[in-house]
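Read through the structure below, which is laid out as structure tokens, and then see the notes.
The values are calculated or read from the model by the stated rules, or taken from the named source; none is laboratory data. Just so it is clear, the model here is predicted, and its values are computed rather than measured. Backbone-built Cβ (ideal geometry, glycine too); neighbour counts: all protein chains shown.
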Amino acid sequence: MQWVNALSTKPSLEGAICEVAEQIKRVLIGSPDLGILFISSAYASDYPRLLPLLLEELPLKTLIGCGGGGIVGVRGNGRIEEVEETAAISLSVAYLPKAKIHSFHVLDSALPDLDDPPSAWIELLGIEPHERPHFILLSEPSVTGINNLLDGLDFVYPDSVKVGGLSSSPVENCLFYYAPDSPPTIYQEGTIGLALAGEIIVEAVVAQGCRPIGDPYMITKGERNIILELSDQEFGAKSYPPLEALRNLLESLDDKDRQLAQSSLFVGLARDEFKMQLKQGDFLIRNLLGVDPRAGAMAIGDKVRSGQRIQFHLRDAQTSLHDLEYFLQDYQEKNSYQNPPLGALMFSCLGRGQGLYGSPNFDSTLFSKYFPGTSLGGFFCNGEIGPVGGLTFLHGYTSVFAIVRETL
């Protein structure tokens, strides 16, 4: 099996498609079973022509894609680049004779209720859990049911990895779709996706770019997404408003971290309720939305409940670098016995890239350090999809790498 990527920055759509198609045809050893496409908004006026032109050059059997505010791919010289704010097309093509490829498009209105039986989800998506599929998902950013979709997939396919992102074209958010049972189509609503089964696995590296500060706390009182009271973790500890805890924490920080907390303070929700010593990666990072100075309460970007543990986090460029390197190295060490990657996809937040690091190609270069020669395609997203602690979430400020391998 084979997975290759090609990137073009030619200003004309025809020229860009011809360049990526020629790069791919030079190295592809079999028929192109699957394509995954990311395209910048510089070509937005030509979006209706994209799929016909591409399918004329490459007889893909299945294709999904979307627009992005930044595009990631492999140049003809083998160098991976992150192209931001200029014209670019990235196309990953796979020859997968030992895999089963199933594609789908779903609307929010078609999603089953979360208390519906698994059969409702299986009927919607058309793939059985016993096939152990892995999912690649692309959604338009105004989709309201993405969290319900992820919850449903986790419920019915608990052993499957789900990765992806929300399209981020600043001009027009489009989802590009082609399948054996569907003509070339541009969707502007819902989610398109792939379920990959057979002798193929998809694994995820999720780097949320944060580091914990202070000590963990336990929520003793909360409603919806509002933390009303916290306590230290010791048994029988007194409860107090979260704003009081935050003020005490800020006083203990050095000047640099205290200044950083003014703009880059987040809340981490512990994913393992039974793990005693929490560390980097044990938290789902969520935005701190606001505080009520009178009540001392705090609103965050997720639901909370009593007994849940939290810890405050900070994010900056250096932390994002160390966080990503930590998880890439950890993944590489734990999977050294497996087949080398066929290829990979990168779903990175628009808030990362050159704007965060001050230099281009940062996350992709770090990936190549640990996986040299692995073909990488991707885009900068309006939200990133990936697992934390065994469940799948929509993230922000995150880089998610989907690593595709042939099974042993």
| task | Give the residues of the range 282-293 that are more than 12 Å from residue 212 (Cα to Cα), in a strand (DSSP E or B) and not charged (D, E, K, R), sorted by residue number. | result | 287, 288, 289, 290, 291
| field | Residue that is surrounded by the most Cβ atoms within 10 Å (Cβ to Cβ) [pool: residues in the range 11-24 that are closer than 14 Å to residue 54 by Cβ and in contact with a helix residue (DSSP H, G or I) (Cβ under 8 Å, 6 or more places away or on another chain)] | value | 16
| said: I'm told residue 348 meets every condition in (1) within 23 Å of residue 228 (Cα to Cα); (2) assigned to a strand (DSSP E or B); (3) within 22 Å of the chain's Cα centre (by Cα); (4) of a type outside the set (A, V, I, L, M, F, W, C) except one. Can you identify the failing condition by its number? | reply: (1)
| remark: Checked against (1) in a strand (DSSP E or B); (2) touching a helix residue (DSSP H, G or I) at 6+ places or on another chain (Cβ under 7 Å), residue 367 satisfies every condition except (1)
| said: Exactly one of these conditions fails for residue 51: (1) of a type in the set (A, V, I, L, M, F, W, C); (2) out of contact with any Leu (no Cβ under 8 Å at 6 or more places or on another chain); (3) touching a residue at least 40 places away in the same chain (Cβ under 8 Å). Give me its number. | reply: (2)
| task | Give the residue, chosen from 85, 81, 56, that is assigned by TED's automatic domain parsing to the domain that holds residue 176 and crowded, with 16+ Cβ neighbours inside 10 Å. | result | 81
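Based on what the data block shows, is residue 194 within 30 Å of residue 45 (Cα to Cα) and either touching a residue at least 24 places away in the same chain (Cβ under 8 Å) or not in a strand (DSSP E or B) (or both)? So that I can check it myself, show each step before the final result.
On the way: within 30 Å of residue 45 (Cα to Cα): yes; either touching a residue at least 24 places away in the same chain (Cβ under 8 Å) or not in a strand (DSSP E or B) (or both): yes.
It is true that residue 194 is within 30 Å of residue 45 (Cα to Cα) and either touching a residue at least 24 places away in the same chain (Cβ under 8 Å) or not in a strand (DSSP E or B) (or both).
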| note | Here, strands (runs of 3 or more DSSP E) confined to the range 1-83 with at least 1 residues that are among the aromatic types (Phe, Trp, Tyr) are 2-8, 34-40
| residue 162 being surrounded by 23 or more Cβ atoms within 10 Å (Cβ to Cβ), among the basic types (Lys, Arg), in contact with a Leu (Cβ under 9 Å, 6 or more places away or on another chain) and touching a residue at least 12 places away in the same chain (Cβ under 8 Å) | yes
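Filtering the range 294-318 down to residues that are in a loop (DSSP other than H, G, I, E, B) and in contact with a helix residue (DSSP H, G or I) (Cβ under 7 Å, 6 or more places away or on another chain), which residue is farthest from residue 397 (Cα to Cα)? Reasoning before the result, please.
Step one: filter the range 294-318 for residues in a loop (DSSP other than H, G, I, E, B), giving 294-296, 301-308, 315-316.
Subset that is in contact with a helix residue (DSSP H, G or I) (Cβ under 7 Å, 6 or more places away or on another chain): 296, 316.
Working: 296: 27, 316: 10 Å.
Only one residue tops the list, namely 296.
Being in the same structural domain as residue 164 (by TED's automatic domain parsing) and at pLDDT 95 or above: is that true of residue 96 here? Spell out the reasoning first.
Details: in the same structural domain as residue 164 (by TED's automatic domain parsing): yes; at pLDDT 95 or above: yes.
Answer is yes for this residue.
Listed here are the residues, each with its yes/no results for (1) touching a residue at least 24 places away in the same chain (Cβ under 8 Å); (2) closer than 23 Å to residue 327 by Cβ; (3) in a strand (DSSP E or B).
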site: 222; (1), (2), (3): yes, no, yes
site: 257; (1), (2), (3): yes, yes, no
site: 262; (1), (2), (3): no, no, no
site: 266; (1), (2), (3): yes, yes, yes
site: 269; (1), (2), (3): yes, yes, yes
site: 280; (1), (2), (3): yes, yes, no
| Which of (1) in contact (Cβ under 8 Å) with a residue 24 or more places away in the chain; (2) surrounded by fewer than 21 Cβ atoms within 10 Å (Cβ to Cβ); (3) among the charged types (D, E, K, R) does residue 140 not meet, given it meets every other one? | (2)
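Against the condition surrounded by 20 or more Cβ atoms within 10 Å (Cβ to Cβ), in contact (Cβ under 8 Å) with a residue 60 or more places away in the chain, over 16 Å from residue 82 (Cα atoms) and assigned by TED's automatic domain parsing to the domain that holds residue 38, how does residue 344 come out, does it pass?
On the way: surrounded by 20 or more Cβ atoms within 10 Å (Cβ to Cβ): yes; in contact (Cβ under 8 Å) with a residue 60 or more places away in the chain: yes; over 16 Å from residue 82 (Cα atoms): no; assigned by TED's automatic domain parsing to the domain that holds residue 38: yes.
Against the criterion (surrounded by 20 or more Cβ atoms within 10 Å (Cβ to Cβ), in contact (Cβ under 8 Å) with a residue 60 or more places away in the chain, over 16 Å from residue 82 (Cα atoms) and assigned by TED's automatic domain parsing to the domain that holds residue 38), residue 344 does not qualify.
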| task | Can you run down the residue pairs with Cβ atoms below 7 Å, 6 or more apart or on separate chains, where the first is in the range 31-43 and assigned by TED's automatic domain parsing to the domain that holds residue 14 and the partner is of a type in the set (Phe, Trp, Tyr) and surrounded by fewer than 24 Cβ atoms within 10 Å (Cβ to Cβ)? | result | 31/95; 32/95; 33/95
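Which residues, counting only those in the range 319-345, are in a loop (DSSP other than H, G, I, E, B) and within 18 Å of residue 400 (Cα to Cα)? Let's see the steps before the verdict.
Let us first name the residues in the range 319-345 that are in a loop (DSSP other than H, G, I, E, B), namely 335-342.
Once the filter is applied, which keeps residues that are in a loop (DSSP other than H, G, I, E, B) and within 18 Å of residue 400 (Cα to Cα), the range 319-345 yields 335, 341, 342.
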